1. Being outside the structural domain of Thr187 (by TED's automatic domain parsing) and modelled with pLDDT under 95 is the requirement here; does Ala92 meet it?
2. Residues being in contact with a helix residue (DSSP H, G or I) (Cβ under 7 Å, 6 or more places away or on another chain) and not hydroxyl-bearing (Ser, Thr, Tyr): count how many of those fall in segment 109-160.
3. Evaluate segment 173-194: report whether one residue or more is of a type in the set (Lys, Arg) and under 27 Å from Tyr79 (Cα atoms).
4. Only one residue in Ser128, Ser46, Ser105 is within 25 Å of Tyr160 (Cα to Cα) and modelled with pLDDT under 95. Which one?
5. Would you mind stating whether Gly78 is outside the structural domain of Leu208 (by TED's automatic domain parsing), on the phi > 0 side of the Ramachandran plot and touching a Phe, Trp or Tyr at 6+ places or on another chain (Cβ under 8 Å)?
6. Go through segment 116-144 and give me each residue that's out of contact with any Asp or Glu (no Cβ under 9 Å at 6 or more places or on another chain) and among the charged types (D, E, K, R).
7. Can you pull out the residues in segment 254-267 that are surrounded by fewer than 17 Cβ atoms within 10 Å (Cβ to Cβ) and part of a strand (DSSP E or B)?
8. Could you tell me whether His251 is modelled with pLDDT under 95, in contact with a Lys or Arg (Cβ under 7 Å, 6 or more places away or on another chain) and not in a loop (DSSP other than H, G, I, E, B)?
Amino acid sequence: MNSALHNLPSGRPNTKQRLNGLLGWSLKMFKPSDFKATAQVIGYRSTFVLRTGEWFRLLSELLRFTCPSALQAIRPAGYQHPLYVRVGTTDALVMEQVFVLREYSPFDDLVPRPQVMIDCGGNIGCASVYFLNRYPDLKVIVVEPDSDNVALCRRNLEPYGNRVQIVQAGAWSSTGGLVLSGTGWATKVRKAEPGESPMVEAIDIPSLLTLAPGERVDLLKIDIEWSEIDVFREGSISWLSQVSNIAIELHDGECEDVFFRALSAYHYEGSRFSEVTFCANIRPFFGHERPETANGRAVVPDQLRRFPRAASNR
């Protein structure tokens, strides 16, 4: 991958990170080869609008003013329906990652073809749209905690009718109340403290599986801003035997260790592309087989080491 996208700050970057992000994006905005690659997917006008909006978003973070946003309808090449994104927000980056960089492409040709997908951290629906078009028989359960993201996600997924079910909740290891922080693709959740008013309900994977036919999911996509630590913590992962394939963004070393420890009792084919880790054909060990561990830590497969984990700001 040759992109400055992953050098941009996320969450709550400091002033130096904001400045570096602004300078990097200024150089990237109109780099002919990069601009052309994006324009071939979403069109020249849309590329100019989104990149200008992203530049102003980064400038607003640096100077601490509110950047106005406006809806823009964009139809990626090869897609029948447009997606609506908020210009001047991280929606532009999500769209580039999914449709230009095609970061989910390692799961383009799964066998057998997936019939049911759970999209944890659905944001505005880009990943769901990608897979709904890749697999015409796929049905998707989308989980997203942020109400603004959910509203736009509903609009973007409306053309797919009953193939989509949207659940406004935060993915967690148990049910209960959660508190939100951050916006856009950096929306995070945490468990509500005693006496604190919850902002959204939590939902665990077993509860989501009850919504799927046969309580089994062929593709589990997860991008939930460090909440994967809770979802995959010990004692809450018996449901893994009901999942065939996982595409997950692991946000730091702790997330990586917790995730691979959870999968240490399973066979799978692992790979990594862009910011996403892929585990295909997941099935449990049997009989005398033993999961690989080293000093109590799960062993990261060699093929994953060849795709270095992108730096992230927690």
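The values are calculated or read from the model by the stated rules, or taken from the named source; none is laboratory data. Note that the structure is predicted; figures quoted are calculated from it, not measured. Every residue, glycine among them, receives a Cβ derived from its backbone with ideal geometry; neighbour counts consider all protein chains shown.
1. Numbers: outside the structural domain of Thr187 (by TED's automatic domain parsing): yes; modelled with pLDDT under 95: yes.
Yes: the conditions hold for Ala92.
2. Matching residues across segment 109-160 total 21.
3. Within segment 173-194, none of the residues are of a type in the set (Lys, Arg) and under 27 Å from Tyr79 (Cα atoms).
4. Values: Ser128 fails: modelled with pLDDT under 95; Ser105 fails: modelled with pLDDT under 95.
Checking each option against the conditions leaves just Ser46.
5. Values: outside the structural domain of Leu208 (by TED's automatic domain parsing): yes; on the phi > 0 side of the Ramachandran plot: yes; touching a Phe, Trp or Tyr at 6+ places or on another chain (Cβ under 8 Å): no.
For Gly78, the condition - outside the structural domain of Leu208 (by TED's automatic domain parsing), on the phi > 0 side of the Ramachandran plot and touching a Phe, Trp or Tyr at 6+ places or on another chain (Cβ under 8 Å) - is not met.
6. Correct list: Asp137, Lys139.
7. The one that is surrounded by fewer than 17 Cβ atoms within 10 Å (Cβ to Cβ) and part of a strand (DSSP E or B): His267.
8. No, not satisfied.
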